[in-house]
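Okay, structure first, notes after.
The values are calculated or read from the model by the stated rules, or taken from the named source; none is laboratory data. These figures come from a predicted structure and were not determined experimentally. Note: ideal-geometry Cβ built from the backbone for every residue, glycine included; neighbour counts use all protein chains shown.
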Amino acid sequence: MPGQNEQVENLVKTEYEHGFVTDVDTDTVAPGLNEDVIRLISNKKGEPEWLLEWRLKAYRHWLKMTEPRWAHVHHEPINYQSISYYSAPKSKKTGPKNLDEVDPKLLETYAKLGIPLQEQKMLAGVAVDAVFDSVSVATTFKEKLAEAGVIFGSFSEAVQNHPDLVRQYLGTVVPTSDNFFAALNSAVFTDGSFCYVPKGVRCPMELSTYFRINASNTGQFERTLIIADEGSYVSYLEGCTAPMRDENQLHAAVVELIALENARIKYSTVQNWYPGDENGKGGIYNFVTKRGDCRGNHSRISWTQVETGSAITWKYPSCILRGDHSVGEFYSVAVTNNYQQADTGTKMIHIGKNTKSTIISKGISARHGQNAYRGLVRIGKGAENARNYTRCDSLLMGDQCGAHTFPYIETRNSSAKVEHEATTSKISDDQLFYCLQRGISEEDAVNMIVNGFCKEVFRELPMEFAVEAQKLLGITLEGAIG
Amino acid sequence: MLQIKNLHATVDGKEILKGIDLAVNTGEVHAIMGPNGSGKSTLANVLAGRDGYEITQGTILYNGQDLSKMAPEIRAREGIFLAFQYPVEIPGVNNIYLLKAALNAVRKHRGEPELDAVEFLALVRDRMKVVAMKDDLMSRSVNEGFSGGEKKRNEIFQMAVLEPALAILDETDSGLDIDALKIVAGGINQLRNRERAIVLVTHYQRLLGYIVPDFVHVLADGKIIKSGDRNLALQLEEKGYDWVKQETVAA
């Protein structure tokens, strides 16, 4: 058994397996950002006037803002004028009516990624919306969902078919002026997913969106809006991959969740954007704003995220606990390997009475990876009997990585009960040797120990995705033993 | 089965084993006794291939193969089992899950088919009886929240499932009350057979009242200074380790 450092040096010899590029004709606008580009995007998508105005307002606000600098991450300044803000597979100009009209090469891409777009091949249970570069390519199971009254599909379609719903809720959780990247997204977002679950409906299947960045020099700015009306339930999963490229690519998404009275939204993310090579070259900058609003009493929003990819991850899926007795949950596994950096966590804003939040964060750092948990728990004046439980565990592999915890707690109500626990540990030689002595290989042993560490989070994922997440973790940390 | 010749080994550069000679044959039970710091646990760890335990001189042959050339997991798959003195806790890893992975790794190595969940559970149910393992310990994380006695029982339970050719039990009796000692010793006796060699590393004669060894060796300052049958253990109990040491010096 070689020494710890040597083992860490052997880290991740496996190549990023989703690093291929699909050769499709694309309709890509020239790099650069100004009001004309925004008008162009809006025009290409045939948007109503109010949405264009909304975008322009966001853009004008964005111009006055500066990039946030407080995160525990480092990168070269981003040149926003060198990014192309719209790229679409060409055949998609008018939009495919059904799967038969989708470019077979795209379907092949999704097949390679293991995304079951072909309805006939699906085992059942998961409806998928797939976003390729800037546009949504196909949505499966649309009819079955429609029977239940669930609206699920691309954001662009929703703008055309359900403009009132979009207009009523868009930007009500993450306002255009919320932060630098959210403002940018509001100005230039090109597509994303939209979901509305009507009153009292339990969505009959898991919903899923798959995001893929393919073209080079493009950013991906998708927007997701999910509304769970009174007494409804929906479970939603997003997955992400990108080709291997030497340059950094920007992904600045906004996700808004709205849960009305007695509604529940479960939102799970398995994020595997290209993380860059072992020297830190290339990779996705994943600067994402995700926020859920527990607007009604007894509503509940759960965020579960497994973040294994991206060069830099900057995201804080948060909950505004507005309704009385509402519940917010955040379960996170963030892995940083090689030169990956993650600054992630959550905000739990308690406004209503008897609101409860739970935060379980597991950070894993290997090689030169830097992992920061940043979390805010705010108990407002009127939040009688608010409860929060936070637990942050960090696992270090090797001696060149870092784990950091930045908890912020603000309490304005003396009846609040806020608990915070944090631990940092290493995979111990004793644990590893114990497994080896039972005949288990080093790799399997590390997998087993790391998965054990993440168990509390994985069990929150829908079954099939939990299996995927475990595999992904194994691949990401292959050879990373310390 | 096991032939150790002139074995010298260091831990952190410090020589602990200073020329051990020992031969263990199939079906035999050897007890290695000695005062604290004599090198008993070091010998057990060297045999299991633990990182940081370096062989500087001598040879260990296991079934004719040079043991020092084998990675620890290969030794395990070839039938060497170490019952740990301090079994480690692995949070979040199910006790049974680890054991299933271990058993299937061993079976695969032997060219046998892996057991499916049903077959494995049947085996586990059967082997739990060996040390009267409690049901709830099966579904818990490896050793997490186990009492000292439960940890030691879990080790022998694992041995019962993995069926090693050579079991090295490192101070398996330490920290056990008399009832637990009887259960653990009873379990070991059930697992004693003609195909299996057992090396008991122990400080006290106590365990040997329940498990009668074929051979007893006294280890002091990194060497085996006296070997004999079970009567040697009884003499030790009566006269103490100093007696053997003095006898050796006198000789």
Item to check | From A:Leu436, A:Leu473, residue being surrounded by 21 or more Cβ atoms within 10 Å (Cβ to Cβ), more than 21 Å from the chain's Cα centre (by Cα) and in contact (Cβ under 8 Å) with a residue 60 or more places away in the chain | outcome: A:Leu436
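Each row is one residue, and each column tells you yes or no for (1) of a type outside the set (Ser, Thr, Tyr); (2) more than 14 Å from chain A (Cβ to nearest Cβ); (3) more than 16 Å from the chain's Cα centre (by Cα).
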| position | (1), (2), (3) |
| --- | --- |
| B:Ala105 | yes, no, yes |
| B:Glu114 | yes, no, yes |
| B:Lys134 | yes, yes, yes |
| B:Thr172 | no, yes, no |
Checklist outcome for this item: Taking segment B:197-245 and keeping only residues that are of a type in the set (D, E, K, R), at pLDDT below 90 and surrounded by 16 or more Cβ atoms within 10 Å (Cβ to Cβ), one is left with B:Arg206, B:Arg230, B:Lys245
Next on the checklist: I need the full set of residues from segment A:306-317 which are within 21 Å of A:Thr390 (Cβ to Cβ) and in contact (Cβ under 8 Å) with a residue 40 or more places away in the chain, in order please.
Outcome noted: A:Val306, A:Thr313, A:Trp314, A:Tyr316, A:Pro317
Checklist entry - Only one of (1) in contact (Cβ under 8 Å) with a residue 12 or more places away in the chain; (2) within 14 Å of chain B (Cβ to nearest Cβ); (3) more than 30 Å from B:Glu78 (Cα to Cα); (4) of a type outside the set (S, T, N, Q) fails for A:Lys455. Which number is that? => result (1)
Checklist entry - surrounded by fewer than 22 Cβ atoms within 10 Å (Cβ to Cβ) and at pLDDT below 80 - does that describe any residue in segment A:441-457? => result no
Checklist outcome for this item: How many residues of segment B:63-85 are touching a Lys or Arg at 6+ places or on another chain (Cβ under 8 Å) and surrounded by fewer than 17 Cβ atoms within 10 Å (Cβ to Cβ)? The answer is 0
Next on the checklist: If I ask for residues that are within 8 Å of chain A (Cβ to nearest Cβ), assigned to a strand (DSSP E or B) and in contact with a Ser or Thr (Cβ under 9 Å, 6 or more places away or on another chain), which ones from segment B:59-93 would you list?
Outcome noted: B:Ile90, B:Pro91, B:Gly92, B:Val93
Next on the checklist: So, in segment B:185-233, exactly how many residues are under 18 Å from B:Gly27 (Cα atoms) and hydrophobic (A, V, I, L, M, F, W, C)?
Outcome noted: 13
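Let's see how each residue does on (1) surrounded by fewer than 14 Cβ atoms within 10 Å (Cβ to Cβ); (2) under 26 Å from the mean Cα position of the chain (by Cα); (3) at pLDDT below 60; (4) more than 30 Å from A:Glu278 (Cβ to Cβ):
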site	(1), (2), (3), (4)
A:Val8	no, no, yes, no
A:Val12	no, yes, yes, no
A:Thr26	no, yes, no, no
A:Ile38	no, yes, no, yes
Checklist entry - Looking at (1) assigned to a strand (DSSP E or B); (2) within 13 Å of B:Ile4 (Cβ to Cβ), which is the one condition that is false for B:Thr56? => result (2)
Item to check | Residue satisfying all of: in segment B:140-196; of a type in the set (A, V, I, L, M) and part of a loop (DSSP other than H, G, I, E, B); modelled with the lowest pLDDT among these | outcome: B:Leu176
Item to check | Residue that is surrounded by the most Cβ atoms within 10 Å (Cβ to Cβ), among those in segment A:273-311 that are closer than 16 Å to A:Tyr233 by Cα and among the charged types (D, E, K, R) | outcome: A:Asp293
Next on the checklist: Within segment A:267-376, considering only strands (runs of 3 or more DSSP E) that don't extend past its boundaries, which have at least 2 residues that are farther than 21 Å from A:Ala422 by Cβ and at pLDDT 95 or above?
Outcome noted: A:283-294, A:300-307, A:318-321
Checklist entry - Got at least one residue in segment B:226-243 being at positive phi, assigned to a loop (DSSP other than H, G, I, E, B) and without any contact (Cβ under 8 Å) to a residue 12 or more places away in the chain? => result yes
Checklist entry - (1) without any contact (Cβ under 8 Å) to a residue 60 or more places away in the chain; (2) surrounded by fewer than 17 Cβ atoms within 10 Å (Cβ to Cβ); (3) not in a loop (DSSP other than H, G, I, E, B): which one isn't true of B:Gly111, the others all being true? => result (3)
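Rundown of residues vs (1) buried (at least 22 other Cβ atoms within 10 Å of the Cβ); (2) at pLDDT 85 or above, yes/no style:
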{"residue": "A:Arg202", "(1), (2)": "no, yes"}
{"residue": "A:Glu206", "(1), (2)": "no, no"}
{"residue": "A:Leu225", "(1), (2)": "yes, yes"}
{"residue": "A:Asp229", "(1), (2)": "no, yes"}
{"residue": "A:Arg245", "(1), (2)": "no, no"}
{"residue": "A:His251", "(1), (2)": "yes, no"}
{"residue": "A:Leu257", "(1), (2)": "yes, yes"}
{"residue": "A:Asn262", "(1), (2)": "no, yes"}
Checklist entry - Of these, A:Gly345, A:Gly280, which one is touching a Leu at 6+ places or on another chain (Cβ under 9 Å) and over 16 Å from A:Ile265 (Cα atoms)? => result A:Gly345
Checklist entry - Taking segment B:35-53 on its own, how many of its residues are more than 13 Å from chain A (Cβ to nearest Cβ), closer than 27 Å to B:Glu163 by Cα and not in a helix (DSSP H, G or I)? => result 1
